[in-house]
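A.B. asks: The structure's right below; bear with me while I get my questions together.
Just so it is clear, none of the values below were taken in a lab; they were calculated from the coordinates. Quantities reported herein were computed from a predicted structural model and do not represent experimental measurements. For neighbour counting, all protein chains shown are included, and Cβ atoms are generated from backbone atoms with ideal geometry for every residue, glycine included.
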């Protein structure tokens, strides 16, 4: 299946721990994103990579570190987890540029992180 | 910086009726893209419809259509013949020339049987 896949879908952990969420897309897209959706459903962009290069880095604590080993993967590592990090994290991908079908985000199913 | 505003946190519509969800945005760019995404209870984000700013013709996808007013910076979504499966959060989104996509806060749509 062509898709954006994230693992794990659910993650429950204690404050202070370090955790990672992995994302892979097999759509051949050149741009990947991480979004955070809080309890009020607000979707906020965190990071964006284009062909493994960081192009968008919003005001996110430096405890959050994205890593893109290749253009099909964008992982999110979070150090020293805090209660406020509890949210659903969405990975997404797209083509950049002006081609037909470009600029449309395809989302993963989301990873719900709960920090206790 | 661009912003996207959805002024209706919740709306309800009777099944088979028509409903319009509002969205306004603020930008100084002339070339951009606008989207409506749907998020049902399953949490999956699904593209509903897409509009290029340079196109004057309003986009349509089956029962979904938009009213794009570029000068007014307005991009409303009309859902015709509402169905129970349309119940979801609907997000308006703006994509700028730097490929940054900004979402509104969403409108929760209830379909009344």
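A.B. asks: State the percent of C-alpha pairs, over all pairs in the range B:1-105, separated by a distance greater than 23 angstrom.
C.D. replies: 22
A.B. asks: Now for a different question. Percent of Cα-Cα pairs more than 19 Å apart in the range B:43-113, please.
C.D. replies: 38
A.B. asks: Using a 10 Å cut-off on Cβ to Cβ distances, tally the other chain neighbours for every residue of B:99-109 and report the average as a whole number.
C.D. replies: The mean count of partner-chain Cβ atoms within 10 Å per residue comes to 5.
A.B. asks: Note down, for the range A:1-104, the three equivalent ellipsoid semi-axes (square root of 5 times each alpha carbon gyration tensor eigenvalue), biggest first, whole angstrom.
C.D. replies: Rounded to whole Å, the semi-axes are 24, 14, 13.
A.B. asks: Provide Rg and Dmax in Å for the protein assembly as shown, with only Cα atoms included in the calculation.
C.D. replies: In Å, with Rg to one decimal and Dmax whole: 17.7, 52.
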